[in-house]
Amino acid sequence: MDDFALLGLRDFTSLITNVQFVLRSQEVLIDCVYNPDERLPYRFVFYDCREIKWNLLFPDDTCDTEADIFDFLLGKENHFQPALFHTDIFDITILYRSFKLEKNW
């Protein structure tokens, strides 16, 4: 079972719509939509981040407003293993202490 299924995000595509870095509290907020036809919003909040790596894959696509998530690994809390988001535009890895998934559907 992949990490999306563990979080209750299964059959439809997810898109990243925004990424925010809150430096003072070392948080990373990743806003997403599930099922682009219905556009159900959800957010990952990663706390106490020690390391963030951002790799832009296709610089020509940087004006796109949404990134299609191809692969997602949650990693392990307490800075043991980073979370990974692989999209059609960028990769981001986050080494974090804890996280929560916010969704109201």
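The values are calculated or read from the model by the stated rules, or taken from the named source; none is laboratory data. Here the structure is a predicted model, which is why all the values come from computation and not from measurement. Quick reminder, even Gly has a Cβ in these numbers, built from the backbone with ideal geometry, and neighbours come from all protein chains shown. Only protein heavy atoms, including side chains, enter the accessible area calculation; ligands, DNA and RNA are left aside. Shrake-Rupley method; radii C 1.70, N 1.55, O 1.52, S 1.80 Å.
If you take the residues of the range 75-101 that are farther than 16 Å from VAL19 by Cα and open to solvent by less than 50 Å² (accessible area, probe 1.4 Å), which of them is modelled with the highest pLDDT? Show your work before the answer.
Restricting attention to the range 75-101, the residues satisfying the condition of being farther than 16 Å from VAL19 by Cα are 75-82, 97-98.
Next cut, open to solvent by less than 50 Å² (accessible area, probe 1.4 Å) only: 75, 79, 98.
Working: GLY75: 94, HIS79: 91, SER98: 97.
Taking the candidates together, the pick is SER98.
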(request) Filter the range 57-94 down to residues that are farther than 18 Å from ASP31 by Cα and either of a type in the set (S, T, N, Q) or not in a loop (DSSP other than H, G, I, E, B) (or both), then give me how many there are. (result) 6
(request) Please list, ordered by first then second residue, the pairs with beta carbon atoms under 9 Å, 6 or more apart or interchain, first in the range 3-28 and of a type in the set (Ser, Thr, Tyr) and modelled with pLDDT under 85, second part of a strand (DSSP E or B) and surrounded by 12 or more Cβ atoms within 10 Å (Cβ to Cβ). (result) SER25/TYR47
(request) Could you tell me whether the range 32-43 includes any residue that is surrounded by 13 or more Cβ atoms within 10 Å (Cβ to Cβ) and modelled with pLDDT under 90? (result) yes
